[in-house]
Structures are given as structure tokens and as C-alpha cells.
Amino acid sequence: MNKQNGPAEAICNEAPPVPAISLQSVLPLIKEAIVILDRDARVVYVNEKANNIIHKLYSFHCRQGRSIFEVVPAERMEPLREVLSRCFSGEEVDYDIQVSRKAASYWINCRYTPIFENEQILGVSLVIEDVTLKRELEKEEQKRRDAEEKLIQTRKIFELFMEHAPLRAWITDSRGRVQYMNHQYRQAFGLDLSSTAGHSIFELFPQWARQFYREIQKVLEENKPSETIGQGIKGNGETGLFRITRFPLPVGNEVMVAGWAVEITEQVALQKKLIAEEKNKKRQIIRSIIETQEKERRELSVELHDNVNQILSSCQLMMEVAKDDPDAAPQLTEKTYHSLKTAIAEIRKISHELNPSAIEDLGLAEAITELVEKINIAGRLTVGFKYKEFGNKPLGATDKIAVYRIVQEQLSNILKHAGASHVNIVLYFKPSRIYLHIEDNGVGFDLKKTKKGIGLKNIQHRVEYYQGKFAMETSPGNGCKLKVLLMIPS
């Protein structure tokens, strides 16, 4: 009857018996965590270091004389047989294995070495080493290398983008040393890459350095981005306008300042042009409104004078004829005569208000003086008028009418709403400027709660046409002061 093969015999394919292992041949290895197996895979020797590692992994200890297959987990049986077979064939096997134990995971290095004596393989030495920490360090090192590579790639992408971006970009430290400057910026100042990094802004462009440094310090002190409009050198060497954005940039333990600049010279010029065109268009509209109003007033003035006044004058003539009737003539004549005089005087008054011919005949100051005298005669209001002129530049008829209408409108507002007893008017000229102040001692009003009437809107329209300024100071119980500045075109 054949004897049943044991584990080692199965591994060694029924190899002939070999002598027992002499531990003397493997003593130099015992300083490591070692397990020595004979050809039957029985434990010949195991030291404490090895048993500590095995117990940590599998919660048991190896015992001398026991087969290694009695303690190896089932899933490791076949891999272990393959490894031992290779070793008994004379091959050294070295590999790492990962073992998970509850919440922990360990990496173990296993090194199987055949034990030779007289050219025969007597057994196998298994040196085991816990390389978990080494693996973790390698993993962290790989992470670091990956992060470093990613950072390098990110920097390359950033630099590639910034080198082709249509703006000027830079990074400086707190002392004004350039850490980065893109192609657009370097080109504007005729610099190359080697002459920028690490150099001070005071070396690179002394003309702008002081302002540049102040802006750097402002961003660092406030720790927030800033945006300014400033001058700079364009690509053609001329001075232009730039929108400059700066912001704090933490780099390691230092806060640097990064920024970019976009040229806006053409945009600003275009914006100014559009604003000027808009103002000019608005002036034309206001001028058209004013001219239409003046035309309507002149037409009304002519109509009153040529029609109504002629009719009333005819009545006067008819009454002169009525004088031939002795009985009715005295009473009729006297009554009609006074009525006609009143009507004619009233018509002349309306005609003069609608078409201030006194401006053309006498002048602006004289026309305002005449207007003031009529109000003073009525007795409802006392009006003072002061007039000064600096320079001898004559005003056009349109400019005089504009000033006259503003005075007329404000006096009308005062008479209707102010309840004032006294008004002061001050008018004086300087080259290309007209200053007009009208102040009353009336009841005043709350500017925020009171809507502008037609009179004030007309005043404001005239001021806008002359690109001037319009201000009103008033409060309940404190009267009202109107300040007007008109810019007279050359």
C-alpha cells in the first residue's frame, strides 16, 4: 500500500529525502523577522519578531514542528504552494502583500530564499517585514510628486494663457519685486523674461514706480481688490488710459499682489464722444422747444397788437364820432374813453411780456429794471436789482431772452406761491459766463416733497441748454434762493 503524500512531498513532486536543516547555516539571518521551513513546509524555527508580525496580521502564533499550511488563511493556500514550489526549484521569491485587519490595513514584504547545503535544497527561509509605513511614505511621496507635477502643469497653462492674453498681467511681492510679468507687459517696456523676475519695479520703470508701489501697499493694508483708471505706456510707446485691477494673492507664507491692466483709451474717447453727442442732441431739442415757445409768444403778441388793439382803437374813433350826439355824448364818451385807455394799456402790457422788445431796444439790464419797476409799482412786493458786468463781450438776443425769461419765471413763482415781501436779484457777467441769483424772504418749501412746476422746469431746460448749473436752497419758513450759472458759447 502506497503511503499518502504530505504537503511538502506534494510541493516537491515526491523529491527524495533530504537531511534535516542545520540552523547554523541560517543564524546570520535570525536578527530579522524570520520563519524557517523544511521541505515538508514544517516550521523549523520562528523568532519573536516574526511571530509578532504574524499575530498582528492573523491573531495566532507559529509553532515549531507545525506545517505552515495549518496557520495560513484559506485564500493564501494556493499562492503559498506556488511560491514554495518555485523556491524548492532554486528560485528566490520576493513580493509585497496587503493584509486587511479590521479597520487597519498592512503591507508586508515576504522574501523566500532556498536553503542550500552540499548543493541540496534543505528548506526555505521566509523573512517578513512590515513595510506599511514605507508604503505610506511612498504613497505620500507619490501624492507630493503628483501634486507638484499638477502644479507645474497648472503654472504652465497659466503662463501660456497669460502670455497670449490681450491684457497686461503681473505679480509682485510686498517690496515691489516682480515675481511674474507676462509678454504684453514686457513688450510695452521693451523687457525680456530674464530681466524682469526678481527685479524691483523701481529698476524696471522708475517713472511709474512710486505710484505703483503706493497701490501695492494700499491693497495689502486693506486686504481687498482695488480698481483704478490710470495712465500707462501703450504698445506704440504713447501714453494711454488703462483700467487697472489689483488684488492680494497669498503665496505660501507671504501675501503678494497680482494684477492686470486693460487699455481703455479708445473706449474712453468713444464714451466722451457719445456723451458730447447726447448733450448736443439734448441742447438741440431744448433749443427747438425754446424757439417754438418764443415764436408762439411773438405770434400771439402780433395778433394782440394787430387785431385786438385795432378793434379797440376803432372803438375810440367811434366814440369820437359819438361826440356829435349832444345828449348821449358826454356820458358815453367819458366812459368809453377811460375803458379804451385801460384796454390799450393792458394789451400793451401783455404784448410786452410776450415779446420783450425792451431787450432789443434798451438791453437786458434795462428790460429787467423795467420789469422790476412794474412789480414795485403794484405794491405787492419790493424787488431789488443789482447788475454788474466784467468785460465787454456782447450777448446775443437769444442769450438775453434766456436770462430775462428765467427772471420772469422766478418772479412769477414768487408772486404766486412764496408770500414774500422782499426779493433781491443779482446779475453779473464774466467772459463766457452769466451768474444770476434770486432770493426771497417767503414761506419756502421742502424740496424733497414738492414737485417742480412748469416754471421751474422751463428754467432748468434753459440752464441745460447752456450747459450750466441750477441750484435751489430753501426750507419751510426760510425763503428761497435760486442760483443759476449759464455758459455762453464763444
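The values are calculated or read from the model by the stated rules, or taken from the named source; none is laboratory data. Everything numeric in this text was worked out from a predicted model, so none of it was measured. Neighbour counts are summed over all protein chains in view; Cβ atoms, including those assigned to glycine, are modelled from backbone coordinates with ideal geometry. Quick note on the areas: whole protein, heavy atoms, side chains included, nothing else; ligands and nucleic acids left out. Shrake-Rupley method; radii C 1.70, N 1.55, O 1.52, S 1.80 Å.
The table below lists the values:
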read-out: Solvent-accessible ranking of Asp399, Asp94, largest area first, probe 1.4 Å; value: Asp94, Asp399
read-out: Spacing of the two label points (7 Å from each Cα toward its C-beta) at Val72 and Met487, in nm; value: 9.9 nm
read-out: Net charge contributed by nearby residues that have their C-beta within less than 15 Å of Arg111 (K/R +1, D/E -1); value: -3
read-out: Contour minus Cα-Cα distance for Val255 and Ala378 (0.36 nm per residue); value: 36.5 nm
read-out: Phe116 accessible area, assembled protein chains, probe 1.4 Å, Å²; value: 110 Å²
read-out: Inter-label distance, nm, simple model (7 Å from Cα along the C-beta direction), Glu203/Gln120; value: 8.0 nm
read-out: Å² of accessible area per residue within region 375-490, as computed with a 1.4 Å probe and no ligands counted; value: 55 Å²
read-out: Filtered trypsin sites (Lys or Arg not before Pro), region 417-476: DSSP coil and at most 13 other beta carbons within 10 Å; value: Lys448, Lys449, Lys451, Lys452
read-out: Filtered trypsin sites (Lys or Arg not before Pro), region 57-117: DSSP coil and at most 15 other beta carbons within 10 Å; value: Arg63, Arg66, Lys102
read-out: Share of carbon and sulfur in the accessible heavy-atom surface of region 68-206 [1.4 Å probe, %]; value: 52 percent
read-out: Rounded to the nearest 10 Å², the accessible area of Leu160 at probe 1.4 Å; value: 110 Å²
read-out: Pairwise label distance in nanometres, Lys469 with Arg214, each label 7 Å out on the Cα-Cβ vector; value: 2.6 nm
read-out: Percent of C-alpha pairs per 5 Å bin, region 73-148, short to long; value: 3, 13, 18, 19, 14, 13, 9, 6, 3, 1, 0
read-out: Exposure rank, largest accessible area first [Asp446, Asp38, Asp192; 1.4 Å]; value: Asp192, Asp446, Asp38
read-out: Low-density loop cleavage sites - GluC sites (Glu not before Pro) in region 56-155, where at most 10 other Cβ are within 10 Å (DSSP); value: Glu119
read-out: Average accessible area per residue (Å²) across region 125-186 - probe 1.4 Å, nucleic acids and ligands excluded; value: 66 Å²
read-out: Above-threshold pairs, the threshold being 28 Å between Cα atoms, out of Lys449/Lys483; Lys218/Lys273; Lys416/Lys449; Lys134/Lys156; Lys448/Lys469; Lys388/Lys481; value: Lys218/Lys273; Lys134/Lys156
read-out: Assigned charges on the beta-carbon of Lys, Arg, Asp, Glu; region 101-158 dipole about Cα centre (debye); value: 540 debye
read-out: Segment Val443-Glu370, extension gain: residue separation times 0.36 nm, minus the distance between their alpha carbons; value: 23.7 nm
read-out: Solvent exposure ordering (accessible area, 1.4 Å, most first) of Lys218, Lys416; value: Lys416, Lys218
